[in-house]
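Read the structure below first, then the notes.
The values are calculated or read from the model by the stated rules, or taken from the named source; none is laboratory data. Being a predicted model, the structure only gives us computed values, none of them experimental. Quick reminder, even Gly has a Cβ in these numbers, built from the backbone with ideal geometry, and neighbours come from all protein chains shown.
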Amino acid sequence: MHIDWQTPKTLFANLEREFHFTLDVCALPWNAQCKAFFSPADNGLACEWSGVCWCNPPFDASQGLWVRKSWEQAQRGCTVVVLFPGNYHDTAWFHGFALRSSEIRYFRGRPSFVNAEGRETSMRTMLLVFRPYCSGPPLVSSVDRTGAPYIMEGLQTAANTQRAKCPQLAMELEL
């Protein structure tokens, strides 16, 4: 399993301001985003997670396992934010677990990732937010490549309508 790309700093900083992460569940020492993290030797898929978790798993065939684990840990009371490639929406695991998330945030543009040698690459990605005990359907929104909300005309009205339909999520988003 290769975990050799670091989450873009601005992207993580914006998400950190919103979520206040306590655990990076899939990292190497050089790219861990939290003081507490699981490395490949720890095997985050086999561990119990706690608190508010960041998950930027390898962009490989294990994606579905990480999304399923994220949903399972949310059912135990964790909040989990998952960054993964945006080309998996046709898979069984996406329909089985991502659609039970609290939110799906689509990126407008591609975030740039850096590896240990400093090489950059841009990837099509999306965010899943699993809040405690979520069961879907997710609130869908658009963010720019730094994770900041992408507001277009009419989108704020739609977001307010979604919040009215789900007061629990609205209260969490206000915090």
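When you scan the stretch 47-64, how many residues do you find that are surrounded by fewer than 15 Cβ atoms within 10 Å (Cβ to Cβ) and touching a Phe, Trp or Tyr at 6+ places or on another chain (Cβ under 7 Å)?
Summing the residues that are surrounded by fewer than 15 Cβ atoms within 10 Å (Cβ to Cβ) and touching a Phe, Trp or Tyr at 6+ places or on another chain (Cβ under 7 Å) in the stretch 47-64 gives 1.
Taking the residues in the stretch 1-26 that are closer than 20 Å to Val114 by Cα and of a type in the set (A, V, I, L, M) as candidates, determine which candidate is surrounded by the most Cβ atoms within 10 Å (Cβ to Cβ).
So in the stretch 1-26, the residues closer than 20 Å to Val114 by Cα come out as 1-16, 24-26.
Now restrict to residues that are of a type in the set (A, V, I, L, M): 1, 3, 11, 13, 15, 25.
On the way: Met1: 12, Ile3: 19, Leu11: 23, Ala13: 13, Leu15: 23, Val25: 26.
Checked the stretch 1-26; the qualifying residue surrounded by the most Cβ atoms within 10 Å (Cβ to Cβ) is Val25.
How about the stretch 58-175: which helices (runs of 4 or more DSSP H) wholly inside it have at least 3 residues that are at pLDDT 80 or above, over 28 Å from Gln6 (Cβ atoms) and not acidic (Asp, Glu)?
By residue number, 92-97.
I need the full set of residues from the stretch 26-39 which are out of contact with any Asp or Glu (no Cβ under 9 Å at 6 or more places or on another chain) and under 24 Å from Gly86 (Cβ atoms), in order please.
Cys26, Ala27
One line per residue, one yes/no per condition, for (1) small (Gly, Ala, Ser); (2) within 26 Å of Tyr150 (Cβ to Cβ); (3) surrounded by fewer than 22 Cβ atoms within 10 Å (Cβ to Cβ):
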position	(1), (2), (3)
Leu28	no, no, yes
Ala41	yes, no, yes
Leu45	no, no, yes
Trp66	no, yes, no
Gln75	no, no, yes
Val82	no, yes, no
His95	no, yes, yes
Ser102	yes, yes, no
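Report, by residue number, each residue of the stretch 113-141 that is polar (S, T, N, Q) and surrounded by 15 or more Cβ atoms within 10 Å (Cβ to Cβ). Walk me through it before giving the result.
Taking the stretch 113-141 as the starting set, the residues that turn out to be polar (S, T, N, Q) are 115, 121-122, 125, 135, 141.
Result: Thr125, Ser141.
Leu28 - would you say it is closer than 21 Å to Trp5 by Cβ and at pLDDT below 95?
On the way: closer than 21 Å to Trp5 by Cβ: yes; at pLDDT below 95: yes.
Taking the combined requirement at face value, the residue satisfies it.
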